[in-house]
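Scroll down for the structure; my scribbles are underneath it.
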Amino acid sequence: MIVSGKGPSYDTGETGHCQARVDPLAALRAPDDPPWDVYLTGPVFLDIIFTGLDSAPVRGTESWARGMGSSPGGVANMATALARLGLKTSLAAAFGSDHYGEYCWDALEQGEGIDLSPSRTVTGWHSPVTVSMAYEGERTMVSHGHEPPPEEAAPDCPPRARAAVASLVPGKRAPWITQAAREGTRVFADVGWDETGAWDLAGLADLEHCEAFLPNAEEAMRYTGASCPREAAHALTAHVPLAVVTLGADGAYAVDRRTGETAEVPAIAVEALDPTGAGDVFVAGFVTGTLAGWPLADRLAFAGLTAALSVQEFGGSLSAPGWSEIGAWWRKVQSVEGQDPTALRRYGFLADLVPTEQTRPWPLRRAVPTIGFRRSA
């Protein structure tokens, strides 16, 4: 296992933060490519994150946090992670007509370079909000919001894209998934906790249109009835070509039915400050490696690395790493004494990908931590 100290820190409030411009698909691009690498849709929340709490809030008392941040959340976590890894990302979402909605729109479109042409502002509808309190390596979340009007549903005809990321809902079909798959888009799916308690794979009807399914270990075992996550991954390949099961602190395991290949990569030892959005970052890393045509084990390793870097920072979309953070991590771990050479070789593919410290600085405007500040020209 690679041992990694505190990850490279960056100021999310500065508009001049430098990221290295890396296009992981550069060698594959052609004139007749789809306009977007990845399409996704879902609700965007305003996330307000309190940090530096010594303990959970106690009823009847007032707790003071030593820090806070604000950023777009919900599906914005995934969209931001994809965009920061160099993928051309298009998002369809409803935005409130309040200041929160304006802030989230600007942070995603201007700050992260995400295409919002399929998105829309809903007049008179307020933005969903999540307050996240991080302490002791965990977080407690309180959310509020209302469904947007029915006529504001995601478009059934999504834009052409190499890939799409879909969050499956038990018992519900999303017409856009069928349409995207019919147009040749490779669909990667995750799933949330089944509140119905049914855990019936037949209820995930859109899984038939997906190339890959990425549940966590508990979800995978409940859906398949398997006694261990690896057994569950193999069982899932009866329903989807590629199954990837995240194992928490034990890493991740994947099975590709088409090739018969399996891969397992251990987790990276890090100091986890806030796990918000780590699952989204993992999926973004795996999608990036898949579209780039990397070997299965490299894809797993890269996804796990990006997720590990994200939990070392607070917030969801705020914590998604870019290539500068990935490059800094790679240079750092090679200098740590006593590293396992075999573990280091597992990430050797990064050598040809990450930028040197001075290569092509790119001023990427991050989401500001406090709503209301005006960006300087």
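Just checking, does the range 146-165 include any residue being part of a strand (DSSP E or B) and closer than 30 Å to residue 57 by Cβ? Talk me through it step by step, then tell me what you get.
Of the residues in the range 146-165, the ones part of a strand (DSSP E or B) are 161-165.
From what's left, closer than 30 Å to residue 57 by Cβ: none.
No.
What residue, of 50, 45, 95, is buried (at least 21 other Cβ atoms within 10 Å of the Cβ), aromatic (Phe, Trp, Tyr) and out of contact with any Ser or Thr (no Cβ under 6 Å at 6 or more places or on another chain)?
50
Using the structure shown, decide if residue 176 is in a loop (DSSP other than H, G, I, E, B) and either aromatic (Phe, Trp, Tyr) or under 22 Å from the mean Cα position of the chain (by Cα) (or both). Please lay out each step first, then the result.
Working: in a loop (DSSP other than H, G, I, E, B): no; either aromatic (Phe, Trp, Tyr) or under 22 Å from the mean Cα position of the chain (by Cα) (or both): yes.
No, not satisfied.
If I filter the range 242-276 down to residues being closer than 20 Å to residue 310 by Cβ, open to solvent by 10 Å² or more (accessible area, probe 1.4 Å) and among the small types (Gly, Ala, Ser), which single residue comes out as modelled with the highest pLDDT?
Restricting to residues being closer than 20 Å to residue 310 by Cβ, open to solvent by 10 Å² or more (accessible area, probe 1.4 Å) and among the small types (Gly, Ala, Ser), the top hit is 251.
Looking at 55, 71 in this structure, which one is in a loop (DSSP other than H, G, I, E, B) and either under 23 Å from residue 134 (Cβ atoms) or modelled with pLDDT of 90 or more (or both)?
55
Can you tell which of 207, 214, 236 is over 21 Å from the mean Cα position of the chain (by Cα) and under 25 Å from residue 184 (Cα atoms)?
The match here is 236.
Name the single residue, out of those in the range 297-307 being hydrophobic (A, V, I, L, M, F, W, C) and open to solvent by 10 Å² or more (accessible area, probe 1.4 Å), that is modelled with the highest pLDDT. Working first, answer last.
First pass over the range 297-307, keeping only residues hydrophobic (A, V, I, L, M, F, W, C): 297, 300-303, 305, 307.
Restricting the remaining residues to those that are open to solvent by 10 Å² or more (accessible area, probe 1.4 Å) gives 297, 307.
Values: 297: 97, 307: 92.
If we take residues in the range 297-307 being hydrophobic (A, V, I, L, M, F, W, C) and open to solvent by 10 Å² or more (accessible area, probe 1.4 Å), then 297 is modelled with the highest pLDDT.
Within the range 1-20, is there a residue that is assigned to a loop (DSSP other than H, G, I, E, B), surrounded by 12 or more Cβ atoms within 10 Å (Cβ to Cβ), at pLDDT below 85 and of a type in the set (Lys, Arg)?
No: the range 1-20 contains no residue that is assigned to a loop (DSSP other than H, G, I, E, B), surrounded by 12 or more Cβ atoms within 10 Å (Cβ to Cβ), at pLDDT below 85 and of a type in the set (Lys, Arg).
Return the only residue of 37, 115, 106 being within 18 Å of the chain's Cα centre (by Cα) and open to solvent by 20 Å² or more (accessible area, probe 1.4 Å). Outline the logic, then answer.
Numbers: 37 fails: open to solvent by 20 Å² or more (accessible area, probe 1.4 Å); 106 fails: within 18 Å of the chain's Cα centre (by Cα).
Unique residue meeting the criteria: 115.
Output the number of the condition that residue 326 fails; it satisfies all remaining conditions of (1) surrounded by fewer than 23 Cβ atoms within 10 Å (Cβ to Cβ); (2) at pLDDT 90 or above.
(1)
Out of the residues in the range 33-52 that are in a loop (DSSP other than H, G, I, E, B) and at pLDDT 95 or above, state the one that is farthest from residue 97 (Cα to Cα). Please lay out each step first, then the result.
Kept after step one, since they are in a loop (DSSP other than H, G, I, E, B), are these residues of the range 33-52: 33-35, 42-43, 52.
With the extra rule that they be at pLDDT 95 or above, the set shrinks to 33-35.
Numbers: 33: 34, 34: 31, 35: 28 Å.
Among them, the one singled out is 33.
Can you name the residue in the range 190-220 that is farther than 14 Å from residue 236 by Cβ and of a type in the set (A, V, I, L, M) and, of all such residues, is most open to solvent (accessible area, probe 1.4 Å)?
198
May I ask you to list the residues in the range 40-88 that are more than 11 Å from the chain's Cα centre (by Cα) and of a type in the set (Lys, Arg)?
Residues satisfying the conditions are 59, 66, 88.
Checking the condition in a loop (DSSP other than H, G, I, E, B), under 27 Å from residue 216 (Cβ atoms) and at pLDDT below 70, which residue from 367, 377 passes?
None of the others qualify; the one that does is 367.
Kindly indicate whether residue 230 is among the basic types (Lys, Arg), open to solvent by 30 Å² or more (accessible area, probe 1.4 Å), touching a strand residue (DSSP E or B) at 6+ places or on another chain (Cβ under 6 Å) and modelled with pLDDT of 95 or more.
Against the criterion (among the basic types (Lys, Arg), open to solvent by 30 Å² or more (accessible area, probe 1.4 Å), touching a strand residue (DSSP E or B) at 6+ places or on another chain (Cβ under 6 Å) and modelled with pLDDT of 95 or more), residue 230 qualifies.
Please give the number of the condition residue 124 fails out of (1) part of a loop (DSSP other than H, G, I, E, B); (2) on the phi < 0 side of the Ramachandran plot; (3) touching a residue at least 12 places away in the same chain (Cβ under 8 Å).
Among (1) part of a loop (DSSP other than H, G, I, E, B); (2) on the phi < 0 side of the Ramachandran plot; (3) touching a residue at least 12 places away in the same chain (Cβ under 8 Å), residue 124 violates only (2).
Go over the candidates 187, 165, 169 one by one and state the one that is buried (at least 20 other Cβ atoms within 10 Å of the Cβ) and either within 18 Å of residue 94 (Cβ to Cβ) or among the aromatic types (Phe, Trp, Tyr) (or both). Even if it seems obvious, please write down each step before you answer.
Values: 187 fails: either within 18 Å of residue 94 (Cβ to Cβ) or among the aromatic types (Phe, Trp, Tyr) (or both); 169 fails: buried (at least 20 other Cβ atoms within 10 Å of the Cβ).
Of 187, 165, 169, the one residue that is buried (at least 20 other Cβ atoms within 10 Å of the Cβ) and either within 18 Å of residue 94 (Cβ to Cβ) or among the aromatic types (Phe, Trp, Tyr) (or both) is 165.
Please pick out the residue among 183, 147, 151, 102 that is modelled with pLDDT of 90 or more, among the acidic types (Asp, Glu), over 30 Å from residue 241 (Cα atoms) and out of contact with any Cys (no Cβ under 8 Å at 6 or more places or on another chain).
Details: 183 fails: over 30 Å from residue 241 (Cα atoms); 147 fails: modelled with pLDDT of 90 or more; 151 fails: modelled with pLDDT of 90 or more.
Just a single option satisfies the conditions, and that option is 102.
The values are calculated or read from the model by the stated rules, or taken from the named source; none is laboratory data. All values derive from a computational prediction rather than experimental measurement. FYI the Cβ positions are ideal-geometry reconstructions off the backbone, even for glycines, and counts take in every protein chain you see. Each accessible area value is taken on the protein alone, full model and side chains, heavy atoms only, with ligands, DNA and RNA left out. Shrake-Rupley method; radii C 1.70, N 1.55, O 1.52, S 1.80 Å.
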